[in-house]
1. Give the relative contact order (percent, whole number) for the chain; include only Cα pairs under 8 Å separated by 6+ residues.
2. Looking at the stretch 23-80, which GluC sites (Glu not before Pro) are DSSP coil and have at most 14 other C-beta atoms within 10 Å of their C-beta?
3. If you work out volume of the Cα convex hull per residue in Å³ from the coordinates, which of [x] 151; [y] 76; [z] 118 do you get?
4. Please report, as a whole percent, how much of the solvent-accessible surface of the stretch 1-49 comes from carbon and sulfur atoms (probe radius 1.4 Å).
5. Before anything else, pin down the relative contact order of the stretch 1-44: Cα pairs under 8 Å, at least 6 apart, normalised by residue count, whole percent.
6. Given a 1.4 Å probe, how much area per residue of the stretch 23-80 is accessible, in Å²?
7. Which distance in nm do the two modelled labels at Val6 and Ala20 give, with both placed 7 Å along the Cα-to-Cβ direction?
Amino acid sequence: MRGQGVAIDMGVDYFEYEVAFEGEVFVLSPNAYGAMAGDNPQRETWTFTEGDHYEWVLMAEGADGAWRKRMGGTYERRER
């Protein structure tokens, strides 16, 4: 599946995503465009832990090909 997103106040203007499930984990492989987009491959995972909670992790691929966590957090989906 593919998707797109627009960023606000991030130094990145636009994202294109490849999206898939790996078991129970939602995996997004973004291509970012903008002044601070960088050129290293990145990967996001959303792991749904219980009910409306999920752990979000952003990883970057190092020169050795290994994925390393750059940032992350635990979030809760809420009604608007």
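The values are calculated or read from the model by the stated rules, or taken from the named source; none is laboratory data. For clarity, every value in this text was computed on a predicted model and none was experimentally measured. All Cβ positions, even for glycine, are placed from backbone atoms using ideal geometry, and neighbour counts span all protein chains on display. What goes into the accessible areas is simple: the full protein's heavy atoms, side chains included, and nothing from ligands, DNA or RNA. Shrake-Rupley method; radii C 1.70, N 1.55, O 1.52, S 1.80 Å.
1. Computed over the chain, the figure is 19 percent.
2. Glu24, Glu79
3. Looking at volume of the Cα convex hull per residue in Å³ for this model, the match is [z].
4. C and S atoms contribute 54 percent here.
5. The normalised contact order for the stretch 1-44 reaches 33 percent.
6. 75 Å²
7. Simple spin-label model gives 3.0 nm for this pair.
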